[in-house]
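Trainee: Could you have a look at this structure, given as structure tokens, before my questions?
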Amino acid sequence: MKYYILFGPPGAGKGTQAGNMVETYKLKHISTGELLRAEIKAGTELGIKAKELIAAGCLVPDEVVEGMIESVFNTTTGVEGFLLDGFPRTLPQAKALDEMLAKRGEELTGVISLMINDEVIKARIAHRAAIEGRADDAKEETIQNRINTYHNQTEPLIDYYKAAGKYHEIDGDGGPGLEGIEVVRGRLTEVMKNL
């Protein structure tokens, strides 16, 4: 089984690129954002708590996210691997994922990182909020909090995965529109060929 992490700041295009990767490599896409939005939509206890945290630009507790992911690992069949999007976001989560995979007799295949600068992040998130009607992406203060959270809590994972020899970075800014998406997809495909 292959286990990939699609990494990068909010708005880097992880969700956009994930669809093609899932189809091309027969992977199960695990988006923590989508899992949490499904809980929120269903109005579960977890969903109500997650909604409050997300509205404030905060992260949902590790054990909640880890439990959801382990459940997907355990209940998914008919795929050649998994594509994690939005997890891990912190060093403790990265270590928990390593332990989760070790229990399964598996290890991480690779981390593919889509990197963009903060100005591109702000523009993309604001654009996404307008198109998708995502309230969690609409406020400038919330966007800045998400960027700060990424830099402070998630960026340290780069060194962690570099040290493990699992980190592969590509430029996530291929330019505007569909053409830009295809440019980034080409870069991503080159990395996947070697994993």
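The values are calculated or read from the model by the stated rules, or taken from the named source; none is laboratory data. On a predicted model such as this, the values are computed, not experimentally measured, just so you know. Here the Cβ positions follow ideal geometry from the backbone for every residue, glycine too, while neighbour counts run over all protein chains shown. Surface accessibility is based on the protein's heavy atoms, side chains included, excluding ligands, DNA and RNA. Shrake-Rupley method; radii C 1.70, N 1.55, O 1.52, S 1.80 Å.
Trainee: Pick from Lys49, Lys122, Lys14 the residue whose mean-square fluctuation is largest in a GNM of the chain, springs joining Cα atoms under 10 Å.
Mentor: Sorting by GNM fluctuation, first place goes to Lys49.
Trainee: Amide H neighbours of Glu169 under 5 Å, at least 5 residues apart or on other chains, H built in the peptide plane: list them.
Mentor: For Glu169, whose amide H was placed from the backbone, the distant partners under 5 Å are Ser113.
Trainee: Something else now. Limiting things to C-alpha atoms, what are the Rg and the maximum Cα-Cα separation (Dmax) for segment 50-195, in angstroms?
Mentor: Every Cα atom of segment 50-195 included, Rg and Dmax give 16.5, 43 Å.
Trainee: Label segment 1-131 by shape, choosing from rounded, prolate and oblate, from the square roots a ≥ b ≥ c of the eigenvalues of the Cα gyration tensor; if a/c is under 1.5 it is rounded, and otherwise prolate applies when a/b is larger than b/c, oblate when it is not.
Mentor: oblate
Trainee: Just the number, please: carbon plus sulfur as a percent of the accessible area of the chain, 1.4 Å probe, no ligands or DNA/RNA counted.
Mentor: Carbon and sulfur: 51 percent of the exposed surface of the chain.
Trainee: For the chain, set up a GNM with springs between Cα atoms under 10 Å and report which of Ser31, Ser71, Ser113 has the largest fluctuation.
Mentor: Greatest mean-square fluctuation among the candidates belongs to Ser71.
Trainee: Considering Cα pairs under 8 angstrom that are at least six residues apart, work out the relative contact order of the chain and quote it in whole percent.
Mentor: Over the chain, the number comes to 31 percent.
Trainee: Would you be so kind as to identify all helices of the chain, as entire DSSP H runs, whose Cα atoms reach 24 Å or more along the helix's own axis and whose mean Kyte-Doolittle hydropathy is at least -1.0?
Mentor: Membrane-span-like by this criterion, though nothing is claimed about a membrane: 177-193.
Trainee: Further, regarding this structure: What is the gain in length, in nm to one decimal, between Val191 and Val120 on full extension, counting 0.36 nm per residue of separation less the C-alpha to C-alpha distance?
Mentor: Contour length minus Cα-Cα distance gives 23.3 nm.
Trainee: Under 25 Å from the Cα of Lys28, which lysines turn up, not counting those fewer than eight places away in the same chain?
Mentor: Once the sequence-local lysines are set aside, what remains near Lys28 is Lys2, Lys14, Lys41, Lys51, Lys95, Lys103, Lys162, Lys166, Lys193.
Trainee: Still on this model: Calculate, for the chain, the solvent-accessible area per residue in square angstrom, rolling a 1.4 angstrom probe over the heavy atoms of the protein chains.
Mentor: With the other protein chains kept in place, the chain gives 52 Å² per residue.
Trainee: Gaussian network model of the chain, Cα springs within a sub-10 Å range: biggest mean-square fluctuation belongs to which of Glu23, Glu119, Glu39?
Mentor: Among Glu23, Glu119, Glu39, the largest mean-square fluctuation in the Gaussian network model of the chain belongs to Glu119.
Trainee: Any idea how far apart Glu70 and Arg104 come out in nm if each label point goes 7 Å out from Cα toward Cβ?
Mentor: Taking the simple label geometry, Glu70 and Arg104 are separated by 1.2 nm.
Trainee: Give the accessible area for Phe87 in Å² (nearest 10); use a 1.4 Å probe, count only protein heavy atoms, and leave out ligands, DNA and RNA.
Mentor: Surface open to solvent at Phe87 totals about 0 Å².
Trainee: Related question: Using alpha carbons only, how many angstrom separate the centre of segment 138-162 from the centre of segment 164-178?
Mentor: First find each Cα centre; the distance between them is then 16 Å.
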